[in-house]
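> Could you have a look at this structure, given as C-alpha cells, before my questions?
The values are calculated or read from the model by the stated rules, or taken from the named source; none is laboratory data. Since we're looking at a predicted model, the values are computed, not measured. Using ideal geometry, Cβ is built from the backbone for each residue, glycine included, and neighbour counts are taken over all protein chains shown. Remember, those area values only see protein heavy atoms, side chains included, never the ligands or the DNA or RNA. Shrake-Rupley method; radii C 1.70, N 1.55, O 1.52, S 1.80 Å.
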Amino acid sequence: MLGKMKNLKNIDKYMAISLRDIVFIIIILVPFILGKYCEFNIPGPFDSGSNVYSAKHILEGAQIGIEEDPSAQVGTLLMNMLGVQLFGFNDLGPKIVQGFFQLIGLGLMYYSIRRVFGVLPAFFSAFAAGFFISAPLIAKYGNVKEQFMTAFMLAGIALFVLYLKTDKRIFAVLAGGFLGWAPLFKITGFSAIGALAVFFLSSLIFRWKTFKQLLTHGALLLAGFLIFAGPVWIWINASGAQISTPYKSALVRVMPDFGSDSPVPEKQKSAGDVDKQAEAEKKEESAGSYVERTRKTRSYSEHAPVVFRYYGLLILPIGLAAVSIILAKIRFLRAWLSKKSSIELSLPDKLTVLLVCWWLLDMALVWVSTRPYEQYYIPLTASGAFAGAYVLYRIFEWCRGKGRKFTVGGFAASAAVFWIFCSPIFAGISQSPYSGKSYGEGVKRKGYIQRMEQASTHRQGRIAPWEIVGLFIKNNTSPDQRTYVWGWYPGIYVKAQRLSVCKKAFQSDMHTLPASTLEKMADNFIRQFEKHKPKYIVDSRKRHFPHDRPPLEFWPSTPKGFLPANERAVQSYEKAYSNVLAERIEPEEAERFEAFSQLREYIRENYQIVDKDGYKFTNTGPRSKRFGQMVVFRRK
C-alpha cells in the first residue's frame, strides 16, 4: 500500500512539472505567435522580397552569378528556395520555414537551460528570446537573414550545452551542424563559433577539460559541420553557382591569396567569356567592400547614438547578460583567490564563459557596419537572454534556500521586471531610434500593437502603394513578360509575380557606389531595356542609405511637375541640380546624378508616365494617391 502511495506521489510530481512546463511554453509562445501573425499577414517589401525573388529566379533555372545576382548569402538563399518550392512565389513560405527553425531554436534553448539552470531560468530566458526575436522593433517583416542565423545559433549553442550536461555525442554532432550553418546566413554567425573557441581555450587553461576531451568535442562538432553543412559546397560545385561563402571570405581576409588559384568548375569553364564578363561586372559593382563603402559615407560619431538608443530599448536582455558577467566574475574570483574555499565551479558557472562571450561578440558586431538597420540587433537579444539564465539561476537558487515564499516572491519580482522592460516594446515607442526625435504627441510606432493593427487592416484589403504597383503590373502584363524596379523595393516583383530583365534586379547602394560604376550600370540597363523592351519600368524613388540625400530618379520633377521632354529644359535643370547636390551633400553625389543622364534620356524617349495627371508635387517630389511616391513608366 505504501509502495502504491509512493508511486502516486511520483506521478503527481511528474504531472505537476509537466503541467508547469506546458504553461510556461504557452506563455513563451504568445509573443512569438503574435510576431508571426504580423509577419505572415504583411508581405515584406525589402529584404524578404529580395530573398524570395532570387529564390524563384534560380528555381526557374537562372545560374547564380551569370543570370541572377542575389543579395542573400547562400544559407538564406537555400532556405528561401525551399520555402518558394513548397509554397509558391511569395514570402509566406520562407517565413514558415524560418518560423519552424526559430521554434527549434527556442525549444532547444528552453530544454537545455532547464536541464542545467532550472525550470524558472528556462522560462524567463526563453520568453525574453522569443519576445525580442519576433519584436517588430527589430524583426522588420520577417524572412531576414539575421532571424535565420539567430535561430541556428540558438539551436547550436543549446545542443552543445546539452552535450556537456549529458555527454551524449549526438548532441555535439547536431550542434556542429547548426553552428556550421549559422555563418552561411551572415558572416556575423561566427560569433557563436568564436565563443565556442574561447570556451575551449578557457577549459584548457583552467583545466576543466583535458586536451584529449577537447579534441573529442572538436571532432564531434567538425563531424556535424561536415555532415550538415558539407552538402552546401557539393550543391555550389554541382550547380556551377558563382557564389562565395563566409568561410571562404574569412580565409581570404586572413590569407589574401587563398582564392586566387581556386579551381573553376567545368560548368563555369564552359561559359567562357560570359563568366569573365560576369566576374568583371561583379568586381566593378563591388567598388570596395560593403562595410568600407558604408564607413566612408557614415561616420562612427553618427552611428554611435543610434546604437546606444537601441541598447537602451533592448535593456532587458542586455541587462540580464551584464549582471550575469558581474555575478560570474565574483564567483570566479572567490573560487580562485581562496584555495581552501568551499566554492567549486559548477557547470552553470563554466557555461557562463561560453554564453557571455557569445553575447559580447554579438554586442560588438553591431559596430562593424555603420548602417543603422534594426535587424542587426536580433542576435544580441537572443545571446543576451541565453546568458541571462545565469543571473536567474543564482537568484532562484538563493530564493529556494530561503524557502517557498522567497521563490514565489522572486518569481513575481522577475515577472514585474520583465513586464516593465517588455511593455514599451509591445506597446510601441514614441521616439525614433535612428534620429532620437519624437514621432509626435501621442504617436507610437514599431510595437506589437501597431504591427498587429497593420496586419489586421492588410487582411481587410488595405494594401501599401508598392503592392498596388505590383498588382498593376501583374494585371497589365502576361506571365512571360518581364519588368524592372529601380531601387530597394524587390517586393514589387513578388507581388507582380514577374521577373526582372536585369541580372541585378534591385539596388540599394546607389548612394555609396562610385559614379563610374553607376555609369556602367546605366549603360547595362539601356542595353537590357532595348533588348527585352519591358512594358513597364518602376522607379521606386526610395530614399536609401544614407538617408540625407534625395533619391536617384529616372525622371526628375520640380514642385511644378515632371520635367518636360525638352532637351534645353532638361539640361538647364540637370546642371542646376548637380550644383545643388555638390554644394549641399557632396561632389560625389552630383557625379552619381550625372552618371545616369543617358539612362534618364532613354526613359524620356521610350517611356511615358502612367497616370501622370494623378500626381501632386512638393519639394520632396511627386506623390500619387494610387502609387504613392513611386513612378510607373509604360513603354511607348
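> Using a 1.4 angstrom probe with every protein chain in place, what is the largest-first accessible-area order of His532, His57?
The ordering from most to least exposed comes out as His532, His57.
> Estimate the FRET efficiency between Gln598 and Ser435 by the formula 1/(1 + (r/R0)^6), using the beta-carbon distance for r and 35 Å for R0, to the nearest 0.05.
0.45
> Taking a virtual spin label 7 Å from the Cα of Arg568 along the C-beta vector, which residues in segment 575-613 bring their backbone nitrogen under 16 Å of it?
Within reach of a label on Arg568: 575.
> Dipole magnitude of segment 427-522 about its Cα centre, charges +1 at Lys/Arg Cβ and -1 at Asp/Glu Cβ only, in debye to the nearest 20?
180 debye
> How much accessible surface does Leu563 have with a 1.4 Å probe, in Å² rounded to 10?
Rounded to the nearest 10, the figure is 10 Å².
> Kindly work out what percent of the DSSP beta bridges joining two residues of the chain are antiparallel, to the nearest 5. Display every interim value, and only then the final one.
Values: 16 of 21 bridges.
Of the beta bridges lying entirely in the chain, close to 75 percent run antiparallel.
> Give me the percent of the accessible area of the chain that comes from carbon and sulfur atoms, probe 1.4 Å, all protein chains in place.
Roughly 60 percent of what the probe reaches on the chain is carbon or sulfur.
> Two decimals is fine: what's Rg over Rh for the chain, C-alpha atoms, Kirkwood radius as Rh? Each step should come with its number before you reach the end.
Details: Rg = 27.1 Å, Rh = 26.8 Å.
We get a ratio of 1.01 for the chain.
> Using Cα-Cα distances under 8 Å and only pairs 6 or more residues apart, what relative contact order does segment 464-635 have, in percent?
26 percent
> Any chance you could run the full-extension gain for Ala427 through Asn475? It's 0.36 nm times the residue separation minus the Cα-Cα distance, nm to one decimal. Please list the in-between numbers first.
Numbers: separation 48, 0.36 × 48 = 17.28 nm, distance 3.83 nm.
Once the chain is fully extended between Ala427 and Asn475, it gains 13.4 nm.
> Please list, in chain and number order, the residues 5+ apart from Gln431 or on another chain whose amide H is under 5 Å from its amide H, with Hs placed from the backbone.
Tyr439
> Run the simple label-point estimate for Lys612 and Ser346 please: 7 Å along Cα→C-beta, distance reported in nm.
Placing both labels 7 Å along Cα→Cβ, they lie 7.6 nm apart.
> Also, I was wondering about something else. Tell me, in nm to one decimal, what length is gained between Ala416 and Glu605 on full extension, where the rule is 0.36 nm per residue of separation less the Cα-Cα distance?
61.6 nm
> Roughly how many debye, to the nearest 20, is the charge dipole of segment 464-635 about its Cα centre, given +1 on each Lys and Arg Cβ, -1 on each Asp and Glu Cβ, and no other charges?
Dipole size: approximately 840 debye.
> Based solely on its DSSP helices, what 222 nm [θ] is calculated for the chain when runs of n ≥ 4 H residues each add -39,500 (n - 2.57) and the sum is averaged over all residues, nearest 500 deg cm²/dmol?
-21500 deg cm²/dmol
> Specify the inter-centroid distance of segment 116-135 and segment 489-512, based on alpha-carbon positions, in whole Å.
38 Å
> Separate question: With charges set only on the Cβ (+1 for Lys and Arg, -1 for Asp and Glu), what does the dipole of the chain come to about its Cα centre, in debye to the nearest 20?
2560 debye
> How much solvent-accessible surface does Lys168 expose, in Å² to the nearest 10, with a 1.4 Å probe and all protein chains in place?
120 Å²
> Note down the nm distance, to one decimal, between modelled labels 7 Å out along Cα→Cβ at Lys329 and at Trp398.
1.7 nm
> Round to the nearest 0.05 the FRET efficiency obtained for Lys520 and Ile104 when R0 = 45 Å and r is the Cβ-Cβ distance.
Between Lys520 and Ile104 the formula returns 0.55.
> Ok, one more. I need the semi-axes of the equivalent ellipsoid of segment 464-635: take the C-alpha gyration tensor, multiply each eigenvalue by 5, square-root it, list largest first in whole angstrom.
On the way: eigenvalues 117, 65, 49 Å².
Over the Cα atoms of segment 464-635, the ellipsoid semi-axes are 24, 18, 16 Å.
> Report the gain in length on full extension from Ile170 to Phe40: 0.36 nm times residue separation, minus Cα-Cα distance, nm rounded to one decimal. All intermediate terms of the calculation are to be shown ahead of the outcome.
On the way: separation 130, 0.36 × 130 = 46.80 nm, distance 3.38 nm.
Taking Ile170 through Phe40 to full extension adds about 43.4 nm, to one decimal.
> For Cα pairs less than 8 Å apart in space and 6+ apart in sequence, what is the mean separation divided by the residue count of the chain, i.e. the relative contact order in percent?
It comes to 15 percent, rounded to a whole number.
> Exactly which trypsin sites (Lys or Arg not before Pro) in segment 459-566 are in a DSSP loop and have at most 15 other Cβ atoms within 10 Å?
Arg462, Lys560
> Taking R0 as 41 Å, what's the FRET efficiency between Leu86 and Asp21 from their Cβ-Cβ distance, rounded to 0.05?
The formula returns an efficiency of 0.85 here.
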